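Following: one structure in structure tokens, then a few remarks.
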């Protein structure tokens with residue numbers, strides 16, 4: 001699933017996935033985002049302007065608030081740490 005949080009007033013928001021990173025990259029591509037804009041540090045995501053956020057929602061991304069997106073990130077991290085190295089974990093570690 002792809003998620004987008006609330007935009008900071010007039011600025012940007014985050015787009016993340018709790019699944020395979022390719023799903024995130026595919027959504028980004030459909031939105032017209034460049035792969036080089038992907039931000040793998042801290043937690044793999046793309047930053048979106050309000051107009052791209054609206055498009056992502058129309059394409060099926062789920063709207064969540066800031067607290068919910070943090071909970072999703074914690075859940076994903078909890079699922080990958082201590083287990084076989086996943087694509088998300090590799091991205092977070094910069095490998």
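The values are calculated or read from the model by the stated rules, or taken from the named source; none is laboratory data. These figures come from a predicted structure and were not determined experimentally. Note that we place each Cβ from the backbone using ideal geometry, even for glycine, and neighbour counts take in every protein chain shown.
In segment 28-42, the qualifying residues are those that are under 19 Å from residue 60 (Cα atoms), over 10 Å from the mean Cα position of the chain (by Cα) and touching a residue at least 12 places away in the same chain (Cβ under 8 Å), and the one that is surrounded by the fewest Cβ atoms within 10 Å (Cβ to Cβ) is 32. Tell me, which residue of segment 86-95 that is loosely packed, with under 11 Cβ neighbours inside 10 Å and outside any helix (DSSP H, G or I) is modelled with the highest pLDDT? Among residues in segment 86-95 that are loosely packed, with under 11 Cβ neighbours inside 10 Å and outside any helix (DSSP H, G or I), the one modelled with the highest pLDDT is 94.
Kindly evaluate residue 47 against the criterion of being surrounded by 13 or more Cβ atoms within 10 Å (Cβ to Cβ) and over 18 Å from residue 74 (Cβ atoms). Explain how you work it out, then say what you get.
Numbers: surrounded by 13 or more Cβ atoms within 10 Å (Cβ to Cβ): yes; over 18 Å from residue 74 (Cβ atoms): yes.
Taking the combined requirement at face value, the residue satisfies it.
Among the conditions (1) within 9 Å of the chain's Cα centre (by Cα); (2) surrounded by 20 or more Cβ atoms within 10 Å (Cβ to Cβ), residue 18 misses just one, which is (2).
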